[in-house]
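Asker: My questions all concern the structure below.
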Amino acid sequence: PGWVAVADIRQFDVTTVETSLFDVRGKRLAWAATSETFNATSVAQETAGFAEVIIGALAQRGLISSARR
């Protein structure tokens, strides 16, 4: 009688998007972020989600208007 360890291996893809916002007048980096998603099926399908997160973060920090058009 005894126990045998069973290997549990999981594989998944991670998509990482790096976003940088530059202040052209001041010639400096104003904001930067990294976003990730797992098991993305296509860039086209994930783009709207990334945009929503990035725009929300920029609006929250007052870097862009939060008003929707």
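The values are calculated or read from the model by the stated rules, or taken from the named source; none is laboratory data. For clarity, every value in this text was computed on a predicted model and none was experimentally measured. Counting neighbours? That spans all protein chains shown, and the Cβs are built from the backbone with ideal geometry, glycine included. SASA here: full protein model, heavy atoms, side chains in, ligands and nucleic acids out. Shrake-Rupley method; radii C 1.70, N 1.55, O 1.52, S 1.80 Å.
Asker: Just order 39-45, 17-23 by mean Cβ neighbour count inside 10 Å, highest at the front, would you?
Answerer: Details: 39-45: 10.0, 17-23: 12.3.
Put in order of decreasing packing, that is 17-23, 39-45.
Asker: How much net charge surrounds Glu36 when only other residues with a Cβ under 11 Å from its Cβ are counted (Lys, Arg +1; Asp, Glu -1)? Can you show the working numbers first?
Answerer: Numbers: positive: none; negative: Asp13, Glu18, Glu46.
Surrounding charge for Glu36 is -3.
Asker: Something else now. Using Cα atoms only, what is the angle between the long axis of helix 43-60 and the major principal axis of the chain, expressed in degrees (0 to 90) to the nearest 10?
Answerer: With both axes taken from Cα atoms, the answer is about 50 degrees.
Asker: Placing +1 at every Lys and Arg Cβ and -1 at every Asp and Glu Cβ, with all other atoms neutral, what dipole size does the chain have around its Cα centre, in debye to the nearest 20?
Answerer: Working: 7 positive and 7 negative charges, 109 e Å.
With only Lys, Arg, Asp and Glu charged at Cβ, the dipole is about 520 debye.
Asker: Okay, moving on. When the distances between all Cα atoms of the chain are binned every 5 Å from zero, what whole-number percent does each bin get?
Answerer: The calculated distribution, bin by bin, is 3, 12, 18, 16, 13, 11, 7, 5, 4, 3, 3, 2, 1, 1, 0.
Asker: Ignoring ligands, DNA and RNA, what percent of the accessible area of the chain is carbon or sulfur (1.4 Å)?
Answerer: 54 percent
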